[in-house]
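S.K.: The structure is given below, and queries will be raised subsequently.
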Amino acid sequence: MKLPFLSFIACVTSTQIACDEKNKCHPKADCYQEKNKQGEYRPFCQCKPGYYGDGISCEEKFTLVIELCRGEDGKVIPGALRGAQNTSMLMNFWMTSEERGNYQQNLDYNLPDTKLGQSMTINYYDPMNIFHINKIKVLQDNWQNICLSRLSIHQGDAFIYILRTLDNRYYEPDWSDCSNPNDPEKCVVYTWWKKKCKGRKKANGEDVACRSRFLYKHDIEPNLYIVQKDECALGEHSCHANAMCTDTTAGYQCTCKSGYEGNGKNCDDVNECDNGIHDCDNNATCMNTNGTFECNCNPNFSGDGKECIAKREAAEVCQRTPLPEFVNIVSSRARKTKNGIIFRVKCDDGRDIVPSHPGKINRLRGYKANCKCSGKTGECSWVMHPSFSCEKGCPHEHLAELREIRSWEDERPNHQGHFQLKLKAQFKPPAGEIDGWRLLIKFGMPIPDTAIIRTGNANVIYQSSSHRLMLLGNVDENQYLTAEDGAVGILFKIANLEEHEKINLLRNIKASYVGSDVNDITCFT
């Protein structure tokens with residue numbers, strides 16, 4: 001006879017309670033309070049069926065659960081346990097696994113010597129795998145005059161409630177709720193084990209079984225009574241950090257990510273460079289990184305590392321490759337990077353650069369053309385950065401910066417109570433070179449007729465007391481600009497302002513670069 005590891009839950013002297021900070025049970029454990037000899041209650045943790053441990057830590061374990069019949073109050077009913085000593089039950093399992101193929105395992109269980117009213121639930125633990133089971137047979141041997149309301153096997157969150165499909169008769173108390181037959185807390189059924197059958201009649205070819213008393217022989221269908229849960233989504237898996245977790249019917253599967261190798265529980269980086277499984281160009285160097293690799297073109301070569309060509313050759317090919325319509329290279333001077341060759345560009349035919357996504361331009365910048373060449377085909381293509389087109393018509397308002405340098409009260413005679421403003425506008429030519437420039441200033445209010453405007457390195461092209469707009473333009477000294485000149489700063493002063501005029505002029509003030517030859521504000525009103 002076999003008496004495996006046992007775990008008892010006393011229904012009279014212990015009560016299930018909610019876990020709290022003081023009772024830090026494992027997520028797969030329940031909290032109880034137990035009454036000691038001094039009459040004091042103390043909390044303790046009990047692993048749930050399908051798990052084994054001290055309640056603080058619980059691990060998956062094949063568990064057979066036997067529960068004596070209980071009443072509506074949760075207590076063992078009178079007469080549920082009248083069996084003689086040395087009682088036992090035999091369970092036969094038909095199993096299939098990849099390692100062992102088809103095999104059979106028999107377990108003989110003893111009913112422990114329990115006293116009525118002290119033990120209601122009994123857990124047995126065995127080295128089995130519930131997912132290998134395809135058929136179960138339960139045989140009564142010496143268990144007699146016992147009433148069971150639960151006979152189930154568990155492993156983790158998978159379970160099979162055997163009493164629900166017994167060949168033997170069972171009945172449901174009127175207070176039981178079996179709307180969900182797999183909820184043992186609400187769905188309670190009774191099955192009595194009475195005296196042994198006379199003559200040990202055969203049933204279904206079994207020599208020592210009595211169908212009328214207790215026989216269960218059932219083919220386990222796939223997923224029978226297995227709780228479906230996604231361990232991957234819940235984070236209840238043991239996959240490696242560099243593995244992908246895939247939910248399956250009977251648990252989950254771990255697969256190492258691309259660039260790693262192993263069994264999913266342990267994944268090691270694959271060195272693509274050493275193993276020669278990279279796609280770097282012959283004129284590039286492969287550098288291994290975690291899960292992947294990088295390709296960098298060797299000195300005097302340019303490209304993305306997977307395609308590299310000689311830099312001098314690439315620059316020559318780029319200049320022979322047609323640019324988008326109306327776009328032209330400013331000069332043959334180019335900046336070579338690992339991502340290609342960058343040229344400054346401009347629009348021809350009197351057209352203006354218009355960005356494709358103006359809302360994404362948030363700083364002063366010039367527009368460039370990036371030439372990318374294929375080391376395999378020798379062909380090059382252009383990418384505008386930022387993306388733009390050359391358009392005719394009203395010029396685009398390119399972002400410029402405008403800030404107050406200083407404001408002060410005028411102390412000159414006959415100017416007391418008036419203020420002066422000193423402002424600086426800064427812009428960057430969007431094209432690689434420009435011949436003349438215009439800067440549009442939008443004030444919070446029109447500049448009063450009484451105000452005086454002074455500029456040192458700019459001309460006032462347009463200004464009117466009826467508009468909030470002022471147009472500044474180049475002087476001879478700063479007419480011709482190139483990208484190499486960097487950002488251009490323009491200083492100007494507005495004097496003879498009342499205090500409220502100074503405040504309102506500065507409200508929501510804005511500056512924009514608007515091309516090189518516009519001479520009125522028609523396009524901006």
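S.K.: Give just the number: which of (1) more than 52 Å from the chain's Cα centre (by Cα); (2) assigned to a strand (DSSP E or B); (3) surrounded by fewer than 16 Cβ atoms within 10 Å (Cβ to Cβ) does L491 not satisfy?
M.R.: For L491, the failing item is (1).
S.K.: Moving to a separate point now. Answer yes or no: is there a residue in the stretch 346-358 that is over 24 Å from S516 (Cβ atoms) and of a type outside the set (D, E, K, R).
M.R.: no
S.K.: Do you know which of the residues in the stretch 311-333 that are modelled with pLDDT under 75 and among the aliphatic types (A, V, I, L, M) is surrounded by the most Cβ atoms within 10 Å (Cβ to Cβ)?
M.R.: A314
S.K.: Could you list, in sequence order, the residues of the stretch 383-437 that are exposed (fewer than 14 other Cβ atoms within 10 Å of the Cβ) and charged (D, E, K, R)?
M.R.: The answer is K392, R403, E404, R406, E409, E411, R412, D435.
S.K.: Can you name the residue in the stretch 336-380 that is more than 39 Å from the chain's Cα centre (by Cα), under 24 Å from E433 (Cβ atoms) and surrounded by fewer than 15 Cβ atoms within 10 Å (Cβ to Cβ) and is also modelled with the lowest pLDDT among such residues?
M.R.: Looking at the filtered set, the residue picked out is G350.
S.K.: Ok, one more. Out of (1) under 30 Å from L402 (Cα atoms); (2) modelled with pLDDT of 85 or more; (3) within 39 Å of the chain's Cα centre (by Cα), the odd one out for V383 is which?
M.R.: Going through (1) under 30 Å from L402 (Cα atoms); (2) modelled with pLDDT of 85 or more; (3) within 39 Å of the chain's Cα centre (by Cα) one by one, V383 breaks only (1).
S.K.: Still on this model: Give me the residue from the stretch 131-175 that is farther than 22 Å from K61 by Cβ and among the hydroxyl-bearing types (S, T, Y) and, out of that set, modelled with the lowest pLDDT.
M.R.: Checked the stretch 131-175; the qualifying residue modelled with the lowest pLDDT is T165.
S.K.: Give the stretch 494-523 a look and list any residue that's assigned to a loop (DSSP other than H, G, I, E, B) and within 30 Å of D348 (Cα to Cα), or say none.
M.R.: Listed by number, the residues that qualify are V514, G515, S516, D517, V518, N519, D520, I521.
S.K.: Moving on. Contact list please: Cβ distance under 6 Å, first residue in the stretch 321-332 and in the same structural domain as V345 (by TED's automatic domain parsing) and assigned to a loop (DSSP other than H, G, I, E, B), second residue modelled with pLDDT under 85 and among the acidic types (D, E), pairs at least six apart or on different chains.
M.R.: So the pair list comes out as V330/E433.
S.K.: Output the residues belonging to the stretch 275-319 that are among the polar types (S, T, N, Q), part of a helix (DSSP H, G or I) and in contact with a strand residue (DSSP E or B) (Cβ under 8 Å, 6 or more places away or on another chain).
M.R.: Answer for the stretch 275-319, where residues must be among the polar types (S, T, N, Q), part of a helix (DSSP H, G or I) and in contact with a strand residue (DSSP E or B) (Cβ under 8 Å, 6 or more places away or on another chain): just Q319.
S.K.: Return yes when D108 is outside any strand (DSSP E or B), acidic (D, E) and modelled with pLDDT under 80 and no when it is not.
M.R.: no
S.K.: Is it fair to say V354 is within 23 Å of M384 (Cβ to Cβ), among the hydrophobic types (A, V, I, L, M, F, W, C), in contact with a Ser or Thr (Cβ under 6 Å, 6 or more places away or on another chain) and in contact (Cβ under 8 Å) with a residue 40 or more places away in the chain?
M.R.: Yes; evaluated as a whole, the condition is true for this residue.
S.K.: Identify all residues within the stretch 447-462 that are over 17 Å from K422 (Cα atoms), surrounded by 12 or more Cβ atoms within 10 Å (Cβ to Cβ) and not β-branched (V, I, T); write none if there are none.
M.R.: Y462
S.K.: Let me ask something else. Among the residues of the stretch 487-504, which ones are out of contact with any helix residue (DSSP H, G or I) (no Cβ under 9 Å at 6 or more places or on another chain) and over 24 Å from P395 (Cβ atoms)? Write out each step before concluding.
M.R.: Going through the stretch 487-504, the residues out of contact with any helix residue (DSSP H, G or I) (no Cβ under 9 Å at 6 or more places or on another chain) turn out to be 487, 489, 491-493, 495-496, 498-504.
Those that are out of contact with any helix residue (DSSP H, G or I) (no Cβ under 9 Å at 6 or more places or on another chain) and over 24 Å from P395 (Cβ atoms): K493, A495, N496, E498, E499, H500, E501, K502, I503, N504.
The values are calculated or read from the model by the stated rules, or taken from the named source; none is laboratory data. None of the values given here were measured: they were computed from a predicted structure. Because the Cβ atoms are built from the backbone with ideal geometry, glycine has one as well, and the counts that use them run over all protein chains shown.
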